[in-house]
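Right, one structure below, let's go through it.
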Amino acid sequence: MAEYDFDLFVIGGGSGGVRAARISAGHGAKVGIAEAFRYGGTCVIRGCVPKKLYVYASRFPQEFAAARGFGWEVGQTPFSWHALVSAKEREITRLEGLYQKGLEAAGVEVFADHASLVDGHTVALSEAGRKITAKRILIATGGKPNIDPKLEGREHVITSNEAFDLERLPERIVIAGGGYIAVEFAGIFAGLGVETTLIYRRDKILRGFDEDMRDAVEKGYRQLGVRFVYNRTFARIEKTSSGFIGHMDNGAKLDADQIMFAIGRSPNTENLGLEAAGVATGPGGEILVDAQSRTNVDSVFAVGDVTDRVQLTPVAIREGHAFADTEFGAKPWSTDYELIPTAVFSTPEIGTVGLPEHEARSAYPHLDVYKSTFKPMKAVMAGKDERTLMKLLVDGASDRVVGCHVAGYDAAEMVQSVAIAMRMGATKADFDRTMALHPSASEELVTMREKWVPPAQAAE
Ligand code: FAD
């Protein structure tokens, strides 16, 4: 009889867990996986995928308006929130099915259950009331949205978990937060015609991103009608007969039909039995792991958001894949966190890879900045006051491109391709040698010739 029920038991059927389970099974391991909510995890069910679908939905009003510039007469354009939610639900259910089928096809035993550790080799399934043993256990339980634990009336606020499935579209929403999730939801709601306010405890959204990108999004959002309340937080949320009142720390109030919190996410380790198994966590509750995703307990590993390394789907997937190849495929490798391209699906959209200017300036004493801002062809005809901004940061000493930032239409699509060149160590001369693709917005990336000079220096 085998010593354990499984070679590997995975807790969490999201991006990282599913990849690790499938690849490990492909290497011949006997694998089981438990998911407490829905297969696909945050990304598929209430993250990247529904978010992008709603971003598409939110951009149609601008497209309808633009169409007139191209000779189209657009008639009535009523919007049904209910139809959008239903269409989204159909799509994520389809994807959820594909995730499950993929696991089953790989020979993974799939459980719909909440799992917790009993010890380093044992997992308890709550619903089934069953204990399972495994040679190795992988924790891939993701993260969960934060709400200030001291906030009075915190039960009245929603998070990204609920925002996709609201019964009706609010007329007024206030979103607390300034990170990419808060900003993306503000763009979605404003685009759909909701009176949207962003309240943020600092003085500018999208901390950590390149300053020019932050400014571009803020400007675009102001044009969309988003209102910003900076340097404020909520002290109390009050429910009224018609909606909610957010009482701010300075005594002022914000009225809304819905108040949403998007102030960050924490590792999802509640009721996971980490103490029972002796798994060590860090100050933010994240499971501490080494480069091979190994915890302090030899048989227990963790990948994805629960380890709070970089909270992105492709990163969780890579970590899961590296774990599986290393532990079951005799192909050891670890995830490389350099040059991760990211996007903010705001309108305008941001695509970014490499260092923002403020970090590049400290890392490279001879930094050359190339910037181009222009009105895209489509916006000219549409009569829209919309600009695209592109920025290349180049280490003057080596000529290597160390940062690329784009704000504007399809920025994410452009930057994914630039990331390949940057990974290969592309120099500015390589960009210059590349033939432009005309007419496109991205051709600007290979035609920027003049170094940008700060206005103060230019005046000297
Ligand atoms: P998850 O995908 O969160 O999966 C964890 C799974 O574990 C969940 O399904 C959960 O139900 C399950 N689980 C938890 N505890 C247990 C338990 N005890 N037993 C059984 N199952 C359990 N990333 C991007 O790259 N691009 C984006 O555009 C993007 N947009 C996002 C938008 C939003 C609104 C949010 C919230 C996130 C977004 N992310 C995005 C982040 C991305 O979703 C996460 O980084 C990714 O899902 C992490 O994968 P994971 O496998 O670590 O965890």
So in the stretch 239-254, with the set limited to residues that are surrounded by fewer than 16 Cβ atoms within 10 Å (Cβ to Cβ) and within 25 Å of residue 164 (Cβ to Cβ), which one is nearest to the chain's Cα centre (by Cα)?
239
Candidates 291, 262, 343, 277 - the one that is more than 23 Å from residue 176 (Cβ to Cβ) and within 15 Å of the ligand (Cβ to nearest atom):
277
Looking at (1) in a loop (DSSP other than H, G, I, E, B); (2) modelled with pLDDT of 95 or more; (3) touching a Ser or Thr at 6+ places or on another chain (Cβ under 9 Å), which is the one condition that is false for residue 148?
(2)
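I'm trying to understand the selection: among the residues of the stretch 164-185, which are within 16 Å of the ligand (Cβ to nearest atom) and more than 18 Å from residue 311 (Cβ to Cβ)?
Here is the first cut: in the stretch 164-185, the ones within 16 Å of the ligand (Cβ to nearest atom) are 164-166, 173, 175-185.
Answer for the stretch 164-185, where residues must be within 16 Å of the ligand (Cβ to nearest atom) and more than 18 Å from residue 311 (Cβ to Cβ): 164, 165, 166, 173, 175, 176.
Count, please, the residues in the stretch 128-145 that happen to be in a strand (DSSP E or B) and more than 30 Å from residue 201 (Cβ to Cβ). Walk me through how you get there before you give the answer.
So the first thing to find is which residues in the stretch 128-145 are in a strand (DSSP E or B), and the list is 130-139, 143-145.
Among the residues that remain, those that are also more than 30 Å from residue 201 (Cβ to Cβ) are: 130-139.
Count: 10.
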Unmet criterion (only one of (1) over 25 Å from residue 360 (Cα atoms); (2) touching a residue at least 12 places away in the same chain (Cβ under 8 Å)) for residue 167
(2)
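Here is a list: 256, 277, 235. Which entry is closer than 30 Å to residue 322 by Cβ, touching a residue at least 60 places away in the same chain (Cβ under 8 Å) and of a type outside the set (Lys, Arg)?
Details: 256 fails: closer than 30 Å to residue 322 by Cβ; 235 fails: closer than 30 Å to residue 322 by Cβ.
Of the residues listed, the single one that is closer than 30 Å to residue 322 by Cβ, touching a residue at least 60 places away in the same chain (Cβ under 8 Å) and of a type outside the set (Lys, Arg) is 277.
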Looking at 63, 89, which one is out of contact with any helix residue (DSSP H, G or I) (no Cβ under 7 Å at 6 or more places or on another chain) and either near the ligand (Cβ under 10 Å from one of its atoms) or under 14 Å from residue 164 (Cα atoms) (or both)?
89
With the condition kept exactly as written, say whether any residue in the stretch 6-24 is within 15 Å of the ligand (Cβ to nearest atom) and over 20 Å from residue 324 (Cα atoms).
no
With 130, 168 as the choices, which residue is out of contact with any strand residue (DSSP E or B) (no Cβ under 7 Å at 6 or more places or on another chain) and over 28 Å from residue 51 (Cβ atoms)?
130
Among the residues of the stretch 32-59 satisfying the criterion of being closer than 14 Å to residue 84 by Cα and without any contact (Cβ under 8 Å) to a residue 40 or more places away in the chain, which is nearest to the ligand (Cβ to nearest atom)?
53
Can you go through 31, 55 and tell me which one is buried (at least 24 other Cβ atoms within 10 Å of the Cβ) and at pLDDT 95 or above?
31
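When you look at residue 309, is it under 27 Å from the mean Cα position of the chain (by Cα) and either under 30 Å from residue 153 (Cβ atoms) or away from the ligand (no atom under 16 Å from the Cβ) (or both), yes or no? Show your work before the answer.
Values: under 27 Å from the mean Cα position of the chain (by Cα): yes; either under 30 Å from residue 153 (Cβ atoms) or away from the ligand (no atom under 16 Å from the Cβ) (or both): no.
Considered against the rule, which asks whether it is under 27 Å from the mean Cα position of the chain (by Cα) and either under 30 Å from residue 153 (Cβ atoms) or away from the ligand (no atom under 16 Å from the Cβ) (or both), residue 309 comes out as no.
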Which of the residues belonging to the stretch 193-226 are surrounded by fewer than 23 Cβ atoms within 10 Å (Cβ to Cβ), farther than 25 Å from residue 147 by Cα and not small (Gly, Ala, Ser)?
211, 212, 215, 219, 222, 223, 224
Got a number for residues in the stretch 152-186 being under 21 Å from residue 239 (Cβ atoms) and either at pLDDT below 95 or of a type in the set (Ser, Thr, Tyr) (or both)?
2
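Taking only the stretch 3-45 into account, find how many residues are small (Gly, Ala, Ser) and part of a strand (DSSP E or B). First the steps, then the outcome.
Taking the stretch 3-45 as the starting set, the residues that turn out to be small (Gly, Ala, Ser) are 12-17, 20-21, 24-26, 28-29, 32, 34, 36, 40-41.
Now drop any that are not part of a strand (DSSP E or B), which leaves 32, 34.
Final tally of qualifying residues: 2.
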Need at least 2 residues that are buried (at least 19 other Cβ atoms within 10 Å of the Cβ) and within 18 Å of the chain's Cα centre (by Cα) per element, so show me which strands (runs of 3 or more DSSP E) inside the stretch 332-430 make the cut, counting only ones lying wholly within it.
342-344, 350-354, 401-407
Picking from 338, 275, 270, the residue that is at pLDDT below 95 and of a type in the set (Asp, Glu) would be 270
Pairs needed: first member in the stretch 112-132, farther than 19 Å from residue 13 by Cβ and touching a residue at least 60 places away in the same chain (Cβ under 8 Å); second member anywhere, among the β-branched types (Val, Ile, Thr) and within 14 Å of the ligand (Cβ to nearest atom); C-beta distance under 6 Å; at least 6 residues apart or different chains.
120/300
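Of all the strands (runs of 3 or more DSSP E) wholly in the stretch 207-303, which have at least 2 residues that are within 22 Å of residue 197 (Cβ to Cβ)? Spell out how you get there, then give the answer.
On the way: elements: 227-230, 234-239, 244-248, 253-256, 258-261, 265-267, 300-302.
Answer list for the stretch 207-303: 227-230, 234-239, 244-248, 253-256, 258-261.
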Residue count, the stretch 105-127, condition within 12 Å of the ligand (Cβ to nearest atom) and assigned to a loop (DSSP other than H, G, I, E, B), comes to 4
Cβ-Cβ under 7 Å pairs, at least 6 apart or on other chains, the stretch 306-322 side at positive phi, far side outside any loop (DSSP other than H, G, I, E, B):
308/267
Can you tell me which condition residue 79 does not meet? The list is (1) surrounded by fewer than 16 Cβ atoms within 10 Å (Cβ to Cβ); (2) closer than 18 Å to residue 317 by Cβ; (3) touching a residue at least 24 places away in the same chain (Cβ under 8 Å); (4) away from the ligand (no atom under 13 Å from the Cβ), and all the others hold.
(2)
Subset of the stretch 402-422, residues more than 22 Å from residue 221 (Cα to Cα) and touching an Asp or Glu at 6+ places or on another chain (Cβ under 8 Å), comes to 402, 403, 421
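The values are calculated or read from the model by the stated rules, or taken from the named source; none is laboratory data. Quick caveat, the model's predicted, so the values are computed rather than measured. Neighbour counts run over all protein chains shown; Cβ positions are idealised from the backbone, glycine included.
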